[in-house]
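Here is the structure we will look at.
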Amino acid sequence: MHILHGTWIPEQTASFVQAGAFYLWVETLERQRVRKTVPLLHLNHLPKEKLAAFLTETLGIQAVPNQKLESEIASCYFLLPSVDQQPCPSPEMTLYLEQELPETGNWQFWQIDCYRPIAWIKTSSYSQVKVTNIVKLLNELHFIALHNLAEIQLGTDLLFWYHYTQFFKHVILQDGYIPALKARSAEGTSRTTTKSAKRKSATPELEIYQGWEIVSATYEAELDQYAAWMPDVCTAGFATLPDRPQRYDSATLLRHFSEVLLTEIVTHTPTSAAFEKQILDTIVWNCLHPGHPWKTAEGLKHYQQWKTWRDRIDRSQTQLPFNLCFQLRSPDKPENAWTLEFQISSRQDPSVRIPLLDYWRLRPTQQQALNQQFGDRFEQHLLMQLGYAARIYPQLWTGLETDQPTGIFLTVDEASNFLKESAWILEDAGYKVIVPSWWTPQGWRRARVRMKAGGRKIGGDKKSKQYFSFETLVDYRYELSIDGEPVSEQEWQQLVNAKTSIVQFRGEWMQLDQSKMQQMLDFWKKHKHEHPELSLLDFIKLAAEGVDGIELEVDQDETLAEMLNQLQDSSRIEIPTDPQPLNGTLRVYQKRGLGWLQYLESLGLNGCLADDMGMGKSFQVIARLVQEREQNQPLLPTLLIAPTSVIGNWEKEIQKFAPQLRSLLHHGNDRIKESETFKQAIANCDVVITSYTLIRKDAALLSEMTWQRIVIDEAQNIKNPKAAQTKAILKLPAQHRLALTGTPVENRLLDLWSIFNFLNP
């Protein structure tokens with residue numbers, strides 16, 4: 001068992017803006033040899049060479065081009081609980097060892113070899129840079145551990161960082177960050193003799209650093225919660241050995257991790273030449289390309305302007321007993337103006353919410369009654385809050401031209417910009433913003449190219465169960481639709497020609513992406529007169545992946561819907577009784593396996609039976625052969641491919657459990673090699689048993705037959721899709737295919753893909 005640990009470690013430098021890195025290490029049962037030269041060495045961690053091998057072979061982590069993985073492995077120091085001059089096992093390892101943690105001990109630093117996850121990314125046509133790769137790696141490690149794809153477990157420290165990065169991703173995806181300038185004073189260093197120069201040097205200079213920061217009320221609230229959840233070991237890592245036991249403050253460490261990662265993500269995201277030209281000579285450009293700190297008067301001027309702008313965002317209502325709300329209302333008719341209505345709500349009782357238009361119309365006694373909930377000097381605080389909000393969203397100033405503001409009117413373009421650019425900033429500054437329901441994810445109306453599809457089967461009726469065979473065809477045609485309702489070409493063209501992304505369609509407002517709308521229209525015009533046919537499997541792929549970058553919506557007829565529902569209806573898997581001619585009794589799980597095989601084959605799909613070794617996979621296969629022969633239908637023989645060492649066992653088990661099955665062992669130098677003789681020999685057979693070795697040698701002979709079923713035992717033998725043996729097996733024609741394996745495939749997706757490429761190509 002290997003326990004994966006890791007945490008964020010800031011760099012210990014004198015720089016004002018400090019970098020950092022994530023370091024990953026592995027705790028193991030294997031004990032290292034004691035080294036006198038390294039007295040603080042943790043004896044139960046993977047050292048450099050073994051760590052590199054483990055990362056590559058078990059976790060599939062590859063080194064960056066032209067470098068070895070060892071180059072990103074360095075020694076760090078962790079403050080860990082210790083007993084008898086040895087670090088205690090982690091809680092995860094203690095559970096695995098079925099031991100209890102000691103009640104007493106001390107804290108001591110231990111030297112551990114750690115891997116720094118990095119990746120090369122392309123920032124332009126000419127340059128690449130190294131960036132931290134921890135968010136992606138934590139996703140993969142969590143998946144591997146969750147699904148038991150390797151003998152690993154995440155320590156509480158690494159599990160904490162996984163959950164925190166999931167939250168951090170949402171902050172980034174919601175654009176909850178801004179360009180930032182940070183200032184620090186630096187003492188003048190020039191030596192002069194004049195009085196004025198002395199006075200100048202005595203005044204600290206300001207150094208202005210460019211960067212990025214997160215502005216999100218959600219982030220600030222969640223940061224405290226995550227800091228409280230952070231395990232102590234997350235704060236105990238250092239790149240160099242401290243002179244005394246110490247740990248980082250958890251909130252400070254989280255904030256440092258977030259800001260460093262944010263800056264790295266933003267500054268290393270490729271941009272277009274047009275965008276670079278647009279932001280040239282702005283603070284945004286300087287923060288995207290941070291350089292040396294500014295020390296000039298011009299730099300100080302930029303900082304003061306930025307600080308004023310930043311302070312506007314910081315103004316919030318958190319200390320007031322009421323919330324200032326802004327509700328955007330869409331007009332009934334496209335030619336009318338939109339309204340951004342000012343409202344107030346009680347912080348104590350949020351259900352008490354009233355538009356300012358209604359508030360100003362109340363009698364003084366009614367206003368006084370409400371002011372008991374809204375606090376003293378309510379109207380003064382209200383106007384101040386509207387002023388702070390107007391600094392964030394200047395359009396609000398037009399509503400403050402009266403002493404009784406109620407709201408502002410917006411054009412459709414202004415409303416669109418408000419929804420996209422300003423609403424989230426106001427909300428993160430502490431204001432309540434209410435948008436139309438159609439703008440929310442639940443209310444979005446989706447424009448799509450729809451596939452109107454129906455299923456049928458050549459040479460049979462529509463009720464045939466072989467849904468996923470290559471003979472099952474789907475007829476379909478394309479049409480334009482919005483929320484599942486068909487749209488005419490003329491209506492669609494009108495939407496494309498709209499000058500704004502917000503339009504009213506059939507009496508309801510909706511958001512559109514004009515470029516996508518034009519792309520979908522062009523696609524539909526190109527294909528509108530086509531009525532193609534696809535196999536059901538190809539149809540499912542097309543519906544899932546789309547075509548030419550177009551996302552498709554599927555409208556199924558009754559027959560096709562029944563076909564697809566079959567696949568997901570587990571109630572249709574019948575638990576069969578033991579076939580009468582079977583010499584043996586199936587266990588409960590073996591009956592489920594037999595029913596599952598029968599169910600898949602009835603749909604035209606093929607399965608991988610992956611019971612552990614010794615659980616009777618061969619018995620279930622034999623039961624399936626007996627079961628289908630009970631139906632007295634003319635059947636072709638099944639070809640069973642197994643390692644040479646077990647083909648004799650298969651022959652014996654068939655004789656033991658189903659002696660009525662006629663089997664032929666195709667093996668040895670005296671095996672039949674002529675085509676006609678072979679066809680005659682297997683004409684009356686139920687099972688032909690052969691080995692992987694002979695598949696390549698006799699590929700031409702075996703591929704002349706269409707088999708009822710191809711069964712591959714020890715299916716990991718075809719995990720390499722490029723091997724000649726795998727390619728030969730793929731060419732064998734059969735109505736059904738079945739893979740058996742009791743050995744977990746290696747931790748590479750390609751191995752599993754190769755088996756399923758055989759089963760369902």
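Just a few scattered comments:
- In region 82-105, the residues that are under 22 Å from residue 159 (Cα atoms) and surrounded by 16 or more Cβ atoms within 10 Å (Cβ to Cβ) reach residues that are of a type in the set (Phe, Trp, Tyr) and at pLDDT 85 or above with C-beta atoms within less than 7 angstrom, at least six apart or across chains, in these pairs: 87/110.
- Filtering region 679-702 to residues that are farther than 21 Å from residue 659 by Cα and hydrophobic (A, V, I, L, M, F, W, C) leaves 694, 695, 699, 700, 701, 702.
- Residue in region 718-761 that is most open to solvent (accessible area, probe 1.4 Å), counting only those that are part of a loop (DSSP other than H, G, I, E, B) and closer than 17 Å to residue 600 by Cα: 761
- Of all residues assigned to region 640-654, at least one qualifies as being over 17 Å from residue 738 (Cα atoms), exposed (fewer than 15 other Cβ atoms within 10 Å of the Cβ) and among the small types (Gly, Ala, Ser).
- Unmet criterion (only one of (1) of a type in the set (S, T, N, Q); (2) within 26 Å of residue 740 (Cβ to Cβ); (3) at pLDDT below 90; (4) open to solvent by less than 20 Å² (accessible area, probe 1.4 Å)) for residue 590: (3)
- Qualifying residues in region 250-284 (those that are closer than 18 Å to residue 177 by Cβ and over 30 Å from the mean Cα position of the chain (by Cα)) - the one least open to solvent (accessible area, probe 1.4 Å): 279
- At least 1 residues being over 27 Å from residue 412 (Cα atoms) is the threshold, and among the helices (runs of 4 or more DSSP H) wholly inside region 488-592 those reaching it are 514-527, 536-545, 558-568.
- Of all residues in region 664-700 being closer than 18 Å to residue 732 by Cβ and among the hydroxyl-bearing types (Ser, Thr, Tyr), the one that is most open to solvent (accessible area, probe 1.4 Å): 693
- In summary, residue 33 fulfils each of the numbered conditions (1) over 11 Å from residue 114 (Cα atoms); (2) touching a residue at least 40 places away in the same chain (Cβ under 8 Å); (3) charged (D, E, K, R) with the single exception of condition (2).
- Flag for residue 382 being farther than 19 Å from residue 433 by Cα, of a type in the set (A, V, I, L, M) and open to solvent by less than 60 Å² (accessible area, probe 1.4 Å): no
- Residue check, residue 601 at pLDDT below 90, open to solvent by less than 30 Å² (accessible area, probe 1.4 Å) and among the acidic types (Asp, Glu): yes
- The set of residues from region 217-249 being over 13 Å from residue 10 (Cβ atoms) and without any contact (Cβ under 8 Å) to a residue 40 or more places away in the chain comprises 220, 221, 223, 224, 225, 227, 228, 232, 243, 244.
- Applying the criterion of being more than 42 Å from the chain's Cα centre (by Cα) and without any contact (Cβ under 8 Å) to a residue 60 or more places away in the chain to the residues of region 398-421, the residue that is most open to solvent (accessible area, probe 1.4 Å) is 401.
- Condition met for residue 710 (open to solvent by less than 40 Å² (accessible area, probe 1.4 Å), within 35 Å of the chain's Cα centre (by Cα) and not aromatic (Phe, Trp, Tyr)): no
The values are calculated or read from the model by the stated rules, or taken from the named source; none is laboratory data. What you are looking at is a predicted structure, and each value in this text was computed from that prediction instead of being measured. Note that we place each Cβ from the backbone using ideal geometry, even for glycine, and neighbour counts take in every protein chain shown. Accessible surface areas use protein heavy atoms only, side chains included; no ligands, DNA or RNA. Shrake-Rupley method; radii C 1.70, N 1.55, O 1.52, S 1.80 Å.
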